[in-house]
Amino acid sequence: MLRGSRMPNIPFSQLLRQLPAGVATLEGPELRFGFVNEAMRALVGENAEGQPIAQHPGQLPTALLDVLPQVYATGKPYTAKACLCTPQPAAKQDCRYFDLALEPYSDEQDQPAGLLLLAIDVSEQEAARQQAHELALVTRHLDARLRVLTETAPLITYTSDAQGRCIYASPQWYRFTGQPPTADLTAIWPLLIHPEDRLRVLYEAETARRTGTGWNYEYRLRRFDGQYRWVLSRALPEVHPPDPPVYWHGALTEVHDQRELADALRRGEAELRFLADSIPELIWTATAEGFIDYYNRYTTDYSGLTKDELGPTGWVSLLHPSEQAEAARRWVQCVASGEAYEGEYRMRRLDGAYRWHIIRARQLADGAVLRWFGACTDVHDQNLLRQVLQTQYDELARAHHDLDTFVYAASHDLRQPALNLRGLFDELRRTATFTDPEQALLLGMVDGALTQFDNTLHDLAVTVQTQRAQQDPVEVLDLGLILEEVLLGLRPQAIQREAVLDVDVAEAPGLVYGRANLRSVVHNLVSNALKFAHPGRPPHIRLRSYHTPDGEPVFEVQDNGLGMEMADSSNPVFQLFVRQHSHIEGTGVGLYLVQRIVRSHGGHVKVASTLGEGTTFSIYWTRPA
Amino acid sequence: MKHIVYISRAVRPLSDRDLEELLTQSRRDNARNGITGVLFYSHGNIAQLFEGEPAIADSLFERIARDGRHSHVHKLIDRPIAARSFTGWSMAFHPLEPAGFATLEGFFLPHHVPALPETLSIADAMLVELVRLAVFGADPTQPPQAAPPVQLGS
Ligand SMILES: Cc1cc2nc3c(=O)[nH]c(=O)nc-3n(C[C@H](O)[C@H](O)[C@H](O)COP(=O)(O)O)c2cc1C
């Protein structure tokens, strides 16, 4: 190779000497160093000239030494790339890499004459190569990691370019869509988007590519089984300023279930609104701070105002002006305290008429936030009805009162003529003589009729008076004392009938009641017992006051008289002027009175009776039947 | 003439200095623009009522809504009114150092806010009462321990 080249005129050896590559000649079969330039000296050491290379290898690697004889013998050039040449003793930083070349040369007779040894320092390149190799390893790791991540994460990843071509989709995409690996992504993908979403998606992606921004939207993507599933697509451009982005990398997540849930909630809300809108009541909701944020349709229909016109507090301006301030105060109070709101107000209808409403509102948790739910119920018609009833009741009460007054007045006014009649009759009996025994009988009958007439008038007056006395003030009464008084008044009858009276109030001596009422009850019961005594035996009347096991006071009057026929012992019929024993004088007013008094004070009367044996009246003062 | 009521949240709690600055700037500008009303502030909660000529009130609201010191600006009402109810413009809040504020014009402690003018309709007066409640809590004599939640109507 060197042979035949023409040497330039400049001193060749000087040129070789200064060459940055190492140059040496190895001469003869022993391969002794001939020419050794500066750079080569660094490898083989000083004073190598004349020495056989085998004895003076310097830092040259043994691999090279081993091939030397063969290269010399065959005359075939040899090169070894990036050989490590280590000084002795080796120090890491002194390691250098050389490309080594052996080039045989011949003498004039074409006989092998020696080898030219070239050594080019490639340490820098080698270091760079090794660095590149390490980098490649790291890159491979990263790449592997990225691949594992993108291929195992539960989302689809993809890359598209500035022209909108999809150049990568992770395997999940193929699994999700059921498309073959050979599918043309760019062509197929849009076809898998729900027709209703397709244009929107293409438009949004196109806009993002044009403006160099990312995107974030949801659409329905057809799954392998033909079902459309909601997915969320988000992508960002890969930017290397100042160049415009070339790639968009993105991820696709299935959000179907969340979306369905949100839809259901929205639908639920919509259904609730629909419901609220179809109810013929004023319904509204308010924030926790008390600002109304929803009025149902009936509210706007009723008031003739729009939701905007009503505003967050406008409901109060619908109320009757005289009620607004109170209602507003109450609402602010309820918002501050969280108490439920309730009030009855007149609300102005579209036609200007005010109708009574009950407004109620309660604070409820709507998810995590508190909200007020309110309703205004029209109670106008009920109120009118109530007013009508009240008027009628008042009228009835007045009529009743008038009737009482009339009865009282009548009985009072008739009393005097009755007394006169009695006086005249007694006078007649005293002065006139009746011989006919039938006339005597007649006289007796007139006498009896007069007495009964008088009694009736008296009892009627008492009834009216007792009714009036129902407001009789109550006090703690000593039952024993009252009984004594009453019995004293009945003494003539008791003596006349030889009655035996037992009084036992030790168990419940006191009673909270109206004095006149208690007297009236006792009087009527005892006189009744005396009146209906059995003709065959003297009356034995037991009066007892005691407590039931529940602590309820009871007054009992037991006799051994005629007894009564009982239809229903727990609900005896005590009617005015209805009498059991017509042959016995009496007005039938007494028991009726007892019943009225006891009932009107929240108690009840019970009767137990056996015909021919006797009757027991039990007065339960404090508990209705 | 119209009035506007809004509530909002301060982005960052406003210091005494911030509040004083807002008070003096707003009083000056509002006097010039014929804006009257009242502003409540407590623990980041803000509510304001102001009244003025429609064009001026609208542009003020626009400016306020854009102001970076607060967010979640929620307009509650925006209505024509027959006449003004407020004679000037004032602010009510709890300064950390009340001493310096006592003499400041247009400043009130929350519980010293004068009674609402009779000229406000009851619905509007109730609205102001409710925003006051939302800002200061149930007892305005005490600064609330924690800011009451201000949720905005959806
Ligand atoms: C809560 C709040 C209330 C404000 N109220 C008023 C006001 O009543 N009047 C006013 O002129 N500026 C008010 N400002 C200030 C305005 O937002 C704005 O900073 C000011 O008008 C200056 O606007 P300019 O810089 O565009 O001129 C308020 C700001 C905030 C944060």
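The values are calculated or read from the model by the stated rules, or taken from the named source; none is laboratory data. Since we're looking at a predicted model, the values are computed, not measured. Please note: Cβ atoms are built from the backbone with ideal geometry, for glycine as well, and neighbour counts cover all protein chains shown.
In this structure, B:G100 does not qualify as within 9 Å of the ligand (Cβ to nearest atom), surrounded by fewer than 16 Cβ atoms within 10 Å (Cβ to Cβ), modelled with pLDDT under 90 and more than 24 Å from A:D308 (Cβ to Cβ).
Looking only at residues of the range B:15-26 that are within 8 Å of the ligand (Cβ to nearest atom) and surrounded by 13 or more Cβ atoms within 10 Å (Cβ to Cβ), we find that the one that is farthest from B:D124 (Cα to Cα) is B:L22.
Of B:E51, B:E118, B:E129, all but one fail to be within 12 Å of chain A (Cβ to nearest Cβ), outside any helix (DSSP H, G or I) and either loosely packed, with under 15 Cβ neighbours inside 10 Å or at pLDDT 90 or above (or both); the exception is B:E118.
Looking across the range B:37-56 at every residue that is small (G, A, S) and under 10 Å from the mean Cα position of the chain (by Cα), the one that is nearest to the ligand (Cβ to nearest atom) is identified as B:G37. Can you name the residue in the range A:372-404 that is assigned to a helix (DSSP H, G or I) and among the β-branched types (V, I, T) and, of all such residues, is farthest from A:V464 (Cα to Cα)? It comes out as A:V388. Cβ-Cβ distances below 6 Å connect the following pairs, each with a first residue in the range B:108-132 that is within 19 Å of B:P95 (Cα to Cα), a second residue that is in a loop (DSSP other than H, G, I, E, B), and a separation of six or more residues or different chains: B:P110/B:P140; B:H111/B:P140; B:H111/B:T141. Does B:I64 satisfy the condition of being in a strand (DSSP E or B), within 7 Å of the ligand (Cβ to nearest atom) and farther than 17 Å from B:T87 by Cα? It is false that B:I64 is in a strand (DSSP E or B), within 7 Å of the ligand (Cβ to nearest atom) and farther than 17 Å from B:T87 by Cα. Cβ-Cβ distances below 7 Å connect the following pairs, each with a first residue in the range B:10-38 that is more than 14 Å from chain A (Cβ to nearest Cβ), a second residue that is aromatic (F, W, Y) and more than 9 Å from the ligand (Cβ to nearest atom), and a separation of six or more residues or different chains: B:L19/B:F93; B:L23/B:F107; B:T36/B:F86; B:G37/B:F86; B:V38/B:F86.
Selection of strands (runs of 3 or more DSSP E) fully inside the range A:264-371 by the criterion of at least 1 residues being more than 12 Å from chain B (Cβ to nearest Cβ), surrounded by 12 or more Cβ atoms within 10 Å (Cβ to Cβ) and polar (S, T, N, Q) returns A:354-366.
Residues that are more than 11 Å from the ligand (Cβ to nearest atom) and assigned to a strand (DSSP E or B) within the range B:1-14 comprise B:K2, B:H3, B:V5, listed in sequence order.
Can you pull out the residues in the range B:27-36 that are part of a helix (DSSP H, G or I) and either more than 6 Å from the ligand (Cβ to nearest atom) or under 19 Å from B:V73 (Cα atoms) (or both)? Selection gives B:R27, B:R28, B:A31, B:R32, B:N33. Restricting the range B:77-97 to residues that are surrounded by 13 or more Cβ atoms within 10 Å (Cβ to Cβ), more than 21 Å from B:F136 (Cα to Cα) and not hydrophobic (A, V, I, L, M, F, W, C), the residue that is nearest to the ligand (Cβ to nearest atom) is B:G88.
What about A:V255, is it under 42 Å from the mean Cα position of the chain (by Cα), at negative phi and surrounded by 12 or more Cβ atoms within 10 Å (Cβ to Cβ)? Here the answer is yes, as A:V255 does meet what is asked. Look at B:L39 and say whether it is assigned to a loop (DSSP other than H, G, I, E, B), crowded, with 19+ Cβ neighbours inside 10 Å and either polar (S, T, N, Q) or touching a strand residue (DSSP E or B) at 6+ places or on another chain (Cβ under 8 Å) (or both). It is false that B:L39 is assigned to a loop (DSSP other than H, G, I, E, B), crowded, with 19+ Cβ neighbours inside 10 Å and either polar (S, T, N, Q) or touching a strand residue (DSSP E or B) at 6+ places or on another chain (Cβ under 8 Å) (or both).
Yes/no per residue for (1) buried (at least 16 other Cβ atoms within 10 Å of the Cβ); (2) within 60 Å of the chain's Cα centre (by Cα); (3) not in a helix (DSSP H, G or I):
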| residue | (1), (2), (3) |
| --- | --- |
| A:A440 | no, no, no |
| A:N455 | no, no, no |
| A:V476 | no, yes, yes |
| A:E485 | no, no, no |
| A:V503 | no, no, yes |
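Taken together, the residues in the range B:54-76 that are closer than 18 Å to B:L127 by Cα and buried (at least 20 other Cβ atoms within 10 Å of the Cβ) amount to 1.
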